[in-house]
Each structure stands twice: as C-alpha cells, then as structure tokens.
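Structure, as structure tokens:
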Amino acid sequence: MNAASPKVRGLGIGWRPELALDIERRSDLGFVEMLAEDFDPLGDDCLPLRRLRNRGVQVVVHGVSLSLGGAEPLSASRLDRLARLAERYASPLISEHVAFVRGGGRETGHLMPVPRTRDSLELLVANIREAQAALPVPLAVENIASLVEWPDAEMTEPQFLTELLDRTGAWLLLDLENVYANSRNRGFDPIEFLEQLPLERVAYAHVAGGVERSGVYHDTHAHAVPPAVLELVAWFAGRYLGQGTAPGVMLERDDRFPSSEQLDAELTAIAAAMADGRVVSSEVPHDAVG
Amino acid sequence: MTLSAESRERLARSQAEFVAAMLAVDGRAPESFDPTHWQAAATALATKRRRSAARAWPALVESLGDEFERLWTEFAAAHDLPASGGPLADGFLFAKWLMSHRPLSDKARRELISVELQHQPCAEGLKPRRRPTVRVARL
C-alpha cells in the first residue's frame, strides 16, 4: 500500500477542442486530462495532444461512462478504450468515478450517486478490482457532486471513500468543487470533510465552477471557479508542505467557454493558490454569474 | 466479504428504478428521496442532455430557431440517450427523427452530411468510420 503516487504534478486542465489553442499557448502546464469517450482508440493521433506530450506535458485518461458503481457488468470495449488511450499517450494514470451512469439498460449520460451501503461498497470494490486487472496503469476514482442522496446511508462519504481506497489500493481523484457543491447543498463544512479523507491517497485534484439557482448550487463546469474553491486549493496545497510535492490540480471547463484572458487569469489564480496557499483574485472580471 | 447474487440483483433493481425515475418526464421522486432535490437533479440532467446535443449540432439548432426546445423535448421524451457516440449520436438521431417530419434547411443538411462522412450508425448510436468515406486527392 506504500506504492509511490503516480506522477501527476503541477497545474493542469481538462483538454477540450474549444480550448486547444489556449492550452497550447500555456507554458506552465504539468498535465492535461483527456476525456476517453471523445476519442477513437484505434483512430489517428490527436495532434494537439501529441504536441503537448512531446513537450513533456503528461496526459491523464479520464473516463465518464464505465459506471464503476453500477450493477451491470463492466464493458470490455470501454475498458479497452481506456487502456489503449493510456498506452498511446503514455498516461501515468487512468481515472473514473465513484458513480453509476446506467441502469435497467438505459443511459443517463451523467454521474449518479451510489448508495453508501455495505452492498454498494462491495459492488464498487469488485468492479474496481476488475478494472484494475484490465488496465495497464494505476486507477484513480473521483468523488462526485450530487443533488440527490440515497436514503438509509450506512456510512458517511469520507468513511465510504476511505474504505473503498483501502480495500482496492485505488487512488483518489479529489474533486474539490464537488466537495464544495455538496457542502453548500447539504450544509456541512468542506474542510471538516476533507480532513477525514486519506490525503496521501490523492493522485490529483479537480477544480471547477458552478452557479446557484433558486437556492441550489449546481456544479456546472460552465462558470468561474469560486473564491471558496480556490481557498480549498490553498488549504489542500498547504497540507503537503514539507512532505514533497503536492498532487497536481487541474481546471475543468466544459461549457460557456471563457475568453483567452479569463482562462489565463483563472489558471494563474489556481497556480498561485497551489504555490503558496494564497488566494489571488483574478484581475480580469469573471464572466457573468447566471 | 463478497457480494451475493441476491444483493447484486437488488442493487440492479434499485438502480434501474432510480434511472427510470430520473429520466421520466414527470420528474417525480421515488419513495424516500427528497422531492425538491430530485426535481432539481432531473431538470439539470434534461438540460445537460439538450445543451450537449445542441453544442454538437449548431447549424441544426440554429435552423430550428424558437422551435428547437419544443421539438427536442418531444424527441427526448420518446428516445433514450444512445449508448454509443454521446451527444453527437444523440443529435444525429434527433436529425433523423426530424427529417421524418419535415425537411432540414440546407445548412443543417450539410452539417448532417459532414457527420455522416466521419461516423456510421450502429445499433447503439454512432461510431467513427475507420476508413475514410471520401479521399481528396491533390491534382
């Protein structure tokens, strides 16, 4: 269990075609994350990703459709796609989610929460072990944001995640925005939550933005990263001071893409929060909330 | 402790019920779930599906103008998200469904053709064409 953490370090961003030029121009990226479902594993190289790879930027393969929390059998072709892309781009890590995405043969197209019960944990352990056996590099699993929770939980989310990671040896993709979103909607303290997680199991972290509508905070990936999430980045980075390098932190943006200046300012703010635990407010006005 | 077959079955059933309720047009929460949270989640999910498909088919959406949302809602209520091909496949099936009711604009038609050059329909939705349909030779 003391295997060295996969080397995902520095500032990162989710690679999207709409952001490809801005990403190419950014000189301080340690890694990018590619969405497996957007690529043909047997197709031609994605040249922008290949150029990033050639200049030393790590490429992490991230899946959204494996449904590790689901009772339906894991798909061999989805596992194969993850494996092939990881090999193609020499990824240090593959990541997926503590979630299910389909049930009764129907797709939701989104990450659904699992019940925090013993049975659900056992199902996840079995699926994660099966995935690990099929994949060429270590696997990290991500905590999700959800507006709904199953009733009759038998354990807290930190307890659930801790035991899951302990039983499987999987790494944690710590999504700080998801912790923040859940903390806002359910009324708990995000730092107290984070303090209960095995932070030595974190391979890398996500940040993203969201928006409040009618009293509900939505993790949209379509708005600026809130200052409160940048504070969590600073807290997170601060926990690793004196212990060697902190895990990488990346921005996820999927929609309502910002201007180049806004994106640059946001990445710079994240890097600043990582570097010295200081929250720097972006000097460029945030895009409108709404 | 490993998962018994009965427990796996039980989980499969509860997940199937969860998904069916989440995709249902009436947005009604299953028993024991908070109805307000459920409604917000179901609405957000439907919005995500529509926005994702729209992003993949901008010419089609533009050609429908104000009618897009109504037509999309009708289509989505009767057609599940395809298992393969994501929002591109979803919009493709929407375009095909539309064409059975009315003609597409020229721009939307061209957009459909360009997608068909790079992808082929399959049982689960769309998948990439491995061999190019059209090669352009430099003369």
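Using Cα-Cα distances under 8 Å and only pairs 6 or more residues apart, what relative contact order does chain A have, in percent?
Numbers: 543 pairs, mean separation 49.5, N = 290.
Once normalised by length, the contact order is 17 percent.
Taking just the alpha carbons, could you work out the radius of gyration and Dmax for segment A:128-207, both in angstroms?
Gyration radius and largest Cα-Cα distance of segment A:128-207: 13.1, 40 Å.
Count the net charge of all other residues whose Cβ sits under 11 Å from the Cβ of residue A:50, scoring Lys and Arg as +1 and Asp and Glu as -1. If you can, show how the numbers build up before the last one.
Values: positive: A:51, A:53, A:55, A:88; negative: A:44, A:45.
So the surrounding residues net to +2.
Segment B:1-46 to segment A:130-177: how many Å between their Cα centroids?
After rounding, the separation between the Cα centres reads 19 Å.
With a 1.4 Å probe and all protein chains left in place, how much accessible area per residue does segment A:93-199 have, in Å²? Please report the intermediate quantities before stating the final value.
Values: 3420 Å² over 107 residues.
Heavy-atom accessible area per residue stands at 32 Å².
Which order, highest average first, do A:10-20, A:238-248 follow once you tally other Cβ atoms within 10 Å for each residue and take the mean per peptide?
Details: A:10-20: 19.3, A:238-248: 14.4.
Most protected by this proxy first, the peptides run A:10-20, A:238-248.
From a point 7 Å beyond the Cα of residue A:75 in the direction of its Cβ, which residues of segment A:133-162 have a backbone N at a distance under 19 Å?
Residues A:133-136, A:142 qualify, since their backbone N sits under 19 Å from the label point.
Counting only C-alpha contacts under 8 Å and six or more residues apart, can you give the relative contact order of chain B as a whole percent? Spell out each step's value before the answer.
Values: 98 pairs, mean separation 25.6, N = 139.
For chain B, the relative contact order is 18 percent.
Keeping the other protein chains in place, figure out the carbon and sulfur percent of the accessible area of the protein assembly as shown, with a 1.4 Å probe. The partial results should precede the final answer.
Values: 10270 of 19980 Å².
Heavy-atom surface of the protein assembly as shown belonging to carbon and sulfur, 1.4 Å probe: 51 percent.
Kindly report, to the nearest 10 Å², the accessible surface of residue B:97 as traced by a 1.4 Å probe over protein heavy atoms only.
40
Hey, if you put +1 on the Cβ of every Lys and Arg and -1 on every Asp and Glu Cβ in chain A, which of A:191, A:10, A:267 ends up farthest toward the positive end of that dipole?
Looking along the dipole axis, the top candidate is A:10.
What lysines does residue B:96 reach when the alpha-carbon gap must be under 23 Å and sequence neighbours fewer than 8 apart in one chain are set aside?
Here the lysines satisfying the reach criterion relative to residue B:96 are B:48, B:107, B:127.
Just to compare against my own numbers: the Cα pair-distance distribution for segment A:1-81, 10 Å bins, whole % per bin, please.
Percent of pairs per bin, in order: 15, 42, 31, 12, 0.
Set the Förster radius R0 to 56 Å, insert the Cβ-Cβ distance between residue B:6 and residue A:54 as r into 1/(1 + (r/R0)^6), and round the FRET efficiency to 0.05. Write down the numbers at each step before the final one.
Values: r = 52 Å, r/R0 = 0.93.
Using R0 = 56 Å, I get an efficiency of 0.60.
In segment B:48-103, with Lys and Arg counted as +1 and Asp and Glu as -1 at Cβ, which of these residues, B:63, B:99, B:76, has the Cα nearest the positive end of the dipole, that is, farthest along it?
B:76
Based on the mean of other beta carbon atoms within 10 Å per residue, what is the order of A:29-36, A:192-199, most packed first?
Answer by packing, highest mean first, reads A:29-36, A:192-199.
Can you figure out the FRET efficiency of residue A:186 with residue A:159, using R₀ = 25 Å and their beta-carbon distance, to the nearest 0.05?
Details: r = 16 Å, r/R0 = 0.62.
So, using R0 = 25 Å, E works out to roughly 0.95.
Given Cβ point charges of +1 (Lys, Arg) and -1 (Asp, Glu) and nothing else, what value in debye, to the nearest 20, does the dipole of segment A:8-149 about its Cα centre take?
Details: 17 positive and 20 negative charges, 70 e Å.
Dipole about the Cα centre, nearest 20: 340 debye.
What's the average, rounded to a whole number, of partner chain beta-carbon atoms within 10 Å of each residue's beta-carbon in B:77-84? Don't skip to the answer; put the middle values down first.
Working: counts 0, 0, 0, 6, 7, 2, 6, 4.
Per-residue shielding by partner chains comes out at 3.
As a test, work out the antiparallel percent of DSSP beta bridges whose residues both lie in segment A:11-146, rounded to the nearest 5. Present the calculation step by step, with values, prior to reporting the outcome.
On the way: 3 of 18 bridges.
DSSP beta bridges in segment A:11-146 are roughly 15 percent antiparallel.
Averaged across A:66-75, how many Cβ atoms of other chains sit within 10 Å of each residue's Cβ atom? Intermediate values should be presented prior to the final figure.
Values: counts 0, 1, 0, 2, 4, 11, 4, 0, 0, 1.
Mean partner shielding for this stretch: 2.
Rounded, prolate or oblate, given the Cα gyration tensor of chain B, with a/c below 1.5 counting as rounded?
Numbers: a/c = 3.25, a/b = 1.62, b/c = 2.00.
Because a/c hits 1.5 or more and a/b fails to exceed b/c, chain B counts as oblate.
Taking each residue of B:39-48 in turn, how many C-beta atoms of other protein chains fall within 10 Å of its C-beta, and what is the average?
Values: counts 3, 8, 8, 2, 4, 7, 5, 0, 2, 7.
Per residue, the average neighbour count from other chains is 5.
Please compute how much accessible surface disappears when B pairs with A, both sides summed, using a 1.4 Å probe, and round it to the nearest 100 Å².
Details: alone 10210 and 12770 Å², together 19980 Å².
Using a 1.4 Å probe on protein heavy atoms, the buried area is about 3000 Å².
Is there a quick way to get the dipole size of the protein assembly as shown? I mean about its Cα centre, with the Cβ of Lys and Arg at +1 and of Asp and Glu at -1; what is the value in debye to the nearest 20? Provide the component values of the computation, followed by the final result.
Details: 48 positive and 60 negative charges, 346 e Å.
Result for the protein assembly as shown is approximately 1660 debye, rounded to the nearest 20.
Could you calculate the contour length gain from residue B:80 to residue B:31, that is, 0.36 nm times the residue separation minus the distance between their Cα atoms, to one decimal place in nm? Provide the component values of the computation, followed by the final result.
Working: separation 49, 0.36 × 49 = 17.64 nm, distance 2.34 nm.
Using 0.36 nm per residue and subtracting the Cα-Cα distance, I get 15.3 nm.
Mean projection of the alpha-carbon convex hull of the protein assembly as shown over all orientations, in nm²? List each step's numbers first, then the result.
Numbers: hull surface 88.6 nm².
Approximately 22.1 nm², given one-decimal rounding.
Could you sort A:180, A:204 by accessible area so the largest value comes first, with the probe set to 1.4 Å?
On the way: A:180 30, A:204 0 Å².
Ranked from most to least accessible, the order is A:180, A:204.
Among A:105, A:57, A:233, which residue has its Cα furthest toward the positive end of the charge dipole of the protein assembly as shown, with +1 on Lys/Arg Cβ and -1 on Asp/Glu Cβ?
A:57
Accessible area drop of at least 30 Å² (1.4 Å probe, protein heavy atoms): which residues of segment A:121-157 qualify, relative to the chain alone?
Buried-area filter returns A:122, A:123, A:147, A:148, A:150, A:151.
The values are calculated or read from the model by the stated rules, or taken from the named source; none is laboratory data. The shown structure was predicted, so the numbers you read here are calculated from the model rather than taken from an experiment. Glycine gets a Cβ as well: all are built from the backbone with ideal geometry, and neighbour counts include every protein chain shown. Remember, those area values only see protein heavy atoms, side chains included, never the ligands or the DNA or RNA. Shrake-Rupley method; radii C 1.70, N 1.55, O 1.52, S 1.80 Å.
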